[in-house]
Amino acid sequence: MTAPERRPPPLAPEARTSVLGLRKAPDTEGPPPARPVSEGPGAARALLAAAFVAAAVWYLAWRARTLNPEALGLSLAILAAEVFLFGGALLRLFVAWRLTVRAPAAPEGGLAVDVFVTTADEPVETVRRTLLAARNMEYAHRTWLLDDGNRPEMRRLALSLRCRYIGRREPVRGRAGSLNNALKFSDAELVALFAADHAPARRFLVETLGYFRDAGVGFVQTPLDSYNLDSFAHRREPARRLAWNDGSLFFRVLQRGRDWRGAALLCASCAVVRRAALDQVGGFAASTSAEALHTSLKLHKRGYRSVYHARSLAFGLAPAGAAAFVRGHMRRGLGAMQVWRRERILASRRLSAAQKLCYFAHAAASFGGWAKAVLYAAPAAVLVSGSAPFAAPAEAFLLRFVPCYLLGCWMLAELGRGYARTLAVAQYGMAKFGAELWATGAELR
């Protein structure tokens, strides 16, 4: 952790009083808590999943016997891409099979809570909105502005809103470095995290702090929602008053499935973390570009439990244009690769089998760009070479491929509980596959 560059203003008398008598952070030992209620797939979805798996195995077994020796490289590449995508579908089936349904308990009184709002170059008005919302949340807490831009206007803003301020002249190690630096000034039991553009609802703390009655809970994560519905990541249906975005499937379904498996991910914002848990893993992970993903993995390895509270309690700004959207996926993809290489997830003895599969599914998704690239290029390669990727009549191929493809789309849509829109997912897949290629290629280099 870097040395703090600027000390915050002294605590107000009421703030000093609120942290007196701070209780010792609990350890993770003790009887395990009751498992949360869950929502299963239902008999119809289970039957559909079985039909898809049977059709896919039938198709791939046939494909393996019909490799075209005249275009063996192309034939093998397409088969490998299909096998990879089938494996990805099985992993998604595993993650999304059963989803948690959580009801928060009332929080304990007298918890010491610090709220960290991180900023680097966001406009003053954006940060002002978030600070006001964070300061006005129910439940006693202190609000801190962590400024990696070290801007005088941000210091003035924090002081005008009666918030604490920490500025860094040299923002090394990115957001993780800023958070770890702030921890030096904080003695709170719990730390809430918000990006500069994520304004929380008044009941954010009231609805999340109750989960920490379980001494083994290391962090609570909520969805990262956005209010700028005209962004590149959104698809709107005004007639039906619906808005879908590229993160809907992850935050509405996959995080709830990971929560059931004990592997919910900590994200960059809209979360609460137990300070004692952070101390045991050395603070926020700063050695990769995915500090949140890396930190959640370290906490799970340490034996702490995670909670995903699926209620939207904060709203921020989604990437407005395609360039920012792709850059974000490049950074997250590279971070996932760095975490995968450094943590050796599948070989870890401190993760359960379900947790390993969930983390493996998250990392493996970054390699999907290579499979997509092969399939996108396949039609052109067939036209140029004049050779089909299989040595069999087209009728035999269509007889096996079409049912497999349709059942796969149907199954993923059903398991997505209405958030996995086949066409939209395919469109955004084309937008992201270049970022996935870059991320995995950069890490391999």
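Applying 1/(1 + (r/R0)^6) with R0 = 22 Å to the Cβ-Cβ distance of L383 and L72, what FRET efficiency is obtained, to the nearest 0.05?
Details: r = 18 Å, r/R0 = 0.82.
The calculated FRET efficiency here is 0.75.
Given a Förster distance of 45 angstrom, what is the FRET efficiency for Y376 paired with V172, based on the Cβ-Cβ distance and rounded to 0.05?
Once rounded, the FRET efficiency stands at 0.70.
Sequence gap at least 6, Cα distance under 8 Å: using those rules, report the relative contact order of region 234-373 to the nearest whole percent.
Relative contact order, region 234-373: 24 percent.
Determine the sum of side-chain charges near F325: Lys and Arg each +1, Asp and Glu each -1, restricted to other residues whose C-beta is under 9 angstrom from that of F325.
+1
Take H141, H362, H234 and sort them by solvent-accessible surface of the protein heavy atoms, 1.4 Å probe, largest at the top.
Result of the area sort, largest leading: H362, H141, H234.
Suppose R0 equals 22 Å. What FRET efficiency, 1/(1 + (r/R0)^6) with r the Cβ-Cβ distance, do A413 and R331 give to the nearest 0.05?
E(calc), rounded to 0.05, equals 0.15.
Kyte-Doolittle mean at least 1.6 and Cα extent at least 18 Å along the axis: which DSSP H helices of the chain qualify?
72-96
Quick check: residue separation of D230 and K301 times 0.36 nm, minus the Cα distance between them. What number comes out in nm?
21.6 nm
I want to check the label-to-label distance for L60 and F94. Put each point 7 Å from Cα in the C-beta direction and report it in nm to one decimal.
Between L60 and F94, the simple spin-label model gives 1.3 nm.
Which percent, nearest 5, of DSSP beta bridges in the chain are antiparallel?
45 percent
From the helices alone, meaning DSSP H stretches of at least four residues, give me the mean residue ellipticity at 222 nm for the chain, per-run term -39500 (n - 2.57), in deg cm²/dmol to the nearest 500. Could the numbers behind the result be given before it?
On the way: 15 runs with 210 residues, N = 445.
Theoretical 222 nm ellipticity from helices: -15000 deg cm²/dmol.
Within the chain, count lysine pairs with alpha carbon atoms under 25 angstrom apart where the residues are 8 or more positions apart or belong to different chains.
10
Quick one: compute the contact order of the chain, relative version, from alpha carbon pairs under 8 angstrom and 6+ residues apart, as a percent.
22 percent
Principal axis extents for region 65-152, Cα atoms only, whole Å, descending order, please.
On the principal axes, region 65-152 reaches 70, 40, 18 Å in Cα extent.
Provide the net charge surrounding L60, with neighbours chosen by a C-beta distance below 12 Å and charges set as Lys +1, Arg +1, Asp -1, Glu -1.
+2
The values are calculated or read from the model by the stated rules, or taken from the named source; none is laboratory data. These numbers were taken from a predicted model, which means no experiment stands behind them. So basically every Cβ, Gly included, is an ideal-geometry build from the backbone, and we count neighbours across all protein chains shown. Note: areas computed on protein heavy atoms with side chains; ligands, DNA, RNA excluded. Shrake-Rupley method; radii C 1.70, N 1.55, O 1.52, S 1.80 Å.
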